[in-house]
Amino acid sequence: MLKNIPDCISPELLKALHEMGHGDRIVIGDANFPAASVAAAEHHTNIRCDGLRATELLDAILKLLPLDDFVEKPVLIMDKMPMHAELETPVWDAFREIVRENAPEMADRIGFLDRFQFYEEAKQAYAVVSTTEKAFYACIILQKGCL
């Protein structure tokens, strides 16, 4: 038994977070994100976190994972497609708030990638986490920094 590990962090996810080094990335994908195929593209790990929301996992992960201050945007969110320009994305506000609460110095260092660019970046991630998040465009990449 360990202390201070958020309950939603499974042993498999904790292992991946521990193994990641400076500059490695982890993706938190929503229910629509093709996590298994993105992870398989480069033989990376897909970690299933069924029953969990992306916001819950983001908050838990950021309690353990330092963000990379060597890059301009250590947090990347999947941007909306042009056909969804009017779609409300309140999950983005939640993501920003979670980053601000856990890493205040990174609050202004959040970037956006269009969907297909996001997929390409995600293929390079150390691990891809599958959630059952139903909010649209609730996919995020975190780049690990140093302690």
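The values are calculated or read from the model by the stated rules, or taken from the named source; none is laboratory data. Keep in mind it's a predicted model, so treat the numbers as computed, not measured. Note that each Cβ is placed from the backbone with ideal geometry, even for glycine, and that neighbours are counted across all protein chains shown. Please note that ligands, DNA and RNA were not included when accessible areas were found on the heavy atoms of the full protein model with its side chains. Shrake-Rupley method; radii C 1.70, N 1.55, O 1.52, S 1.80 Å.
For the pairs K73/K134; K15/K63; K15/K134; K15/K73; K3/K63, note any where the Cα-Cα span goes beyond 20 Å.
Details: K73/K134 25 Å; K15/K63 15 Å; K15/K134 26 Å; K15/K73 25 Å; K3/K63 13 Å.
Check vs 20 Å cut-off fails for K73/K134; K15/K134; K15/K73.
How much mean residue ellipticity at 222 nm does the chain get from its helices, if each DSSP H run of length 4 or more adds -39500 (n - 2.57) and you divide by all residues, to the nearest 500 deg cm²/dmol? Could you put the intermediate results ahead of the total?
On the way: 5 runs with 46 residues, N = 147.
The helix contribution divided over the chain gives -9000 deg cm²/dmol.
Quick one, could you list the DSSP H helices from the chain stretching 15 Å or more along their long axis (Cα atoms) with average Kyte-Doolittle hydropathy of -1.0 or above?
90-102
Considering only protein heavy atoms and a probe of 1.4 Å, how much of the accessible area of the chain is carbon and sulfur, as a whole percent? Intermediate results must be reported in sequence, preceding the final value.
Working: 4110 of 7910 Å².
Here it works out to 52 percent.
Each label point is 7 Å from the Cα along the Cα-to-Cβ direction; what then is the distance between the points at N4 and L87, in nm?
Roughly 3.9 nm, to one decimal.
Could you list log10 I(q)/I(0) for region 18-147 at q = 0.21 Å⁻¹, which the Debye formula gives when each Cα is one point scatterer?
Here log10 of I(q) over I(0) equals -1.33.
Mind grabbing the accessible area of V91 for me, 1.4 Å probe, Å², rounded to tens?
10
Given a 10 angstrom Cα cut-off, can you work out which residue in F95, F136, F116 is the most mobile in a GNM of the chain?
In the Gaussian network model the winner is F116.
Taking the solvent-accessible surface of protein heavy atoms with a 1.4 Å probe, what is the per residue accessible area of region 1-103 in Å²? If you can, show how the numbers build up before the last one.
Numbers: 5800 Å² over 103 residues.
For region 1-103, the per-residue accessible area is 56 Å².
For the full complex of protein chains and a 1.4 angstrom probe, list M1, M106 by accessible area with the highest value first. List each step's numbers first, then the result.
Values: M1 225, M106 5 Å².
Per-residue accessible area, sorted high to low, gives M1, M106.
Sort L13, L87 from largest to smallest accessible area, using a 1.4 Å probe on the heavy atoms of the protein chains.
On the way: L13 0, L87 55 Å².
Of L13, L87, the descending order of accessible area is L87, L13.
Relative contact order for the chain: what percent, with Cα pairs under 8 Å and sequence separation of 6 or more? Before the final figure, lay out the partial values.
Details: 269 pairs, mean separation 70.1, N = 147.
Computed value for the chain: 48 percent relative contact order.
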